[in-house]
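Here the structure is laid out as structure tokens; the discussion comes afterwards.
The values are calculated or read from the model by the stated rules, or taken from the named source; none is laboratory data. Just so it is clear, the structure is predicted and the values come from calculations on it, not from any experiment. Please note: Cβ atoms are built from the backbone with ideal geometry, for glycine as well, and neighbour counts cover all protein chains shown. Side chains included, ligands, DNA and RNA excluded: accessible areas come from the protein's heavy atoms. Shrake-Rupley method; radii C 1.70, N 1.55, O 1.52, S 1.80 Å.
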Amino acid sequence: MASSASRAALSSIPLFHEKLLKSNRILAVCGAGLSAASGLPTFRGAGGLWRNHNAVDLATPEAFDADPGLVWLFYAYRRHMALTAKPNPAHYALAELARKRPGFKCLSQNVDNLHVRANHPSDQLSLLHGSLFTLKCTTCSWKDLYNIADPLCPALAPAAESNPDPTKPLPLLDPAQPLAEIKESELPHCPDCKTELQRPGVVWFGEMLDEDMLDDIEEWIEKEPVDMVLVVGTSSAVYPAAGYAERARTKGRTSVVTVNLEITEEDWGRMRKGDFGFEGDASLLLPELLRPVIGEVKGEEEEEVEG
Ligand code: BV8
Ligand code: ZN
């Protein structure tokens, strides 16, 4: 149990800034909490349930096989939400850190494309679980790397509707409102093999992450000791993402820094000397924590994302 003295050291911004200014090799592991301030629900928060379906259950090949219409509505809704959302100062702060620190690498579990829209240098960004805006064939190698059609097809139009009456839940989200049946023939099919369905280019539970990306991350971690790991807005419950912070730790050298709205006693208890914990909204904390290196976060100058 971290004593109050050590708790003070663990959450001291001046001590953190001192370490940051000496840190060249920095890894970030980000989760849904990073995009919360952009209005996107987290998995553990409001986003955990979608029409009384557990989001984690819908993010599986089994769910897609069982009811591709339902799963496509789920993803079409998240595409719509992510398209209407904007990157927040935390996304811009990480992007600026990448420009100021060539030794910075950002691993994100988020599929909302907000890092990319915040102009995060692509060679310093690994999207561990893919993107809502990549489409691929369920069977052949056809892929559309960047598709922002909203709705994606007429059958998925309910997912792109804005809420007629904000006092009521969006009909699509109201489990009491039956969903129009979507026939497989109405869903997007692969333009190459014609017969197979398209699916969202995200990594579902039970599916392997991209091998080349995993090798690239391993190589980066192995190359030299890591000075700092920023663990931002994640419940660290999904692997392999949840294993990288400790994987990158070199005893006595690496500071693991937790930035989260909620840091549990258990989390504090797990921290080691030299680690840090900052409790609060990532979009407010990251610009302040990274200021000595990135200066004032300008934000909002969103670049047109080419396909
Ligand atoms: C795989 C894409 C090979 C789709 C996602 C080892 C041990 C145990 C299990 C496993 C293991 N290895 C593999 C597994 C199985 C599984 C797994 O980890 N299961 C878990 C549930 C135990 N892993 C896999 O299946 C992976 N594949 O390993 O393949 C294999 C296969 C089978 C068996 C062995 C090996 C694939 C995992 C990827 C799944 N796809 N997303 C989609 O998005 O629809 S995961 C998805 O859920 C997200 O991408 C993310 O990873 C996760 C949600 O977590 P978070 O992002 O952290 O969000 P959460 O809501 O949980 O937490 C938000 C946090 O933010 C909270 O802490 C909150 O306090 C904080 N917060 C909130 N607001 C703010 C904030 N913080 C700051 N500011 C705020 N404003
Ligand atoms: Zn195909």
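Points worth noting:
- Nearest 10 degrees, 0 to 90: helix 211-223 Cα axis against the chain principal axis: 0 degrees
- Fraction of beta bridges assigned by DSSP in the range 3-154 that are antiparallel (%, nearest 5): 35 percent
- In the context of the full set of protein chains, residues of the chain present 49 Å² of accessible surface per residue (probe radius 1.4 Å, heavy atoms only).
- Vicinal HN-Hα couplings computed from phi for the range 182-198 (Karplus, 6.51 cos²θ - 1.76 cosθ + 1.60; Hz; Gly/Pro x): 10, 6, 4, 5, 8, 8, x, 10, 5, x, 8, 8, 6, 7, 8, 6, 7
- Dipole in debye (nearest 20) - the chain, about Cα centre, beta carbon charges: Lys, Arg +1; Asp, Glu -1: 1120 debye
- With Cα atoms, 0 to 90° folded angle of helix 68-84 axis to the chain main axis: 50 degrees
- Most positive-pole-ward Cα, 200, 147, 221, against dipole of the chain from beta carbon charges: 221
- Which listed pairs, of 143/168; 105/143; 19/223, have C-alpha distances above 30 Å, in listed order: 143/168
- If you run the Gaussian network model on the chain, springs between alpha carbon atoms under 10 Å, then out of 269, 280, 33 the most flexible one is 269.
- Taking Cα atoms only, the orientation of helix 282-294 departs from the longest principal axis of the chain by about 50 degrees.
- A cut-off of 5 Å between modelled amide H atoms, ignoring neighbours fewer than 5 places along the same chain, links residue 107 with 28, 29, 30, 126.
- Apportionment of accessible area to carbon and sulfur, the chain, percent (1.4 Å): 54 percent
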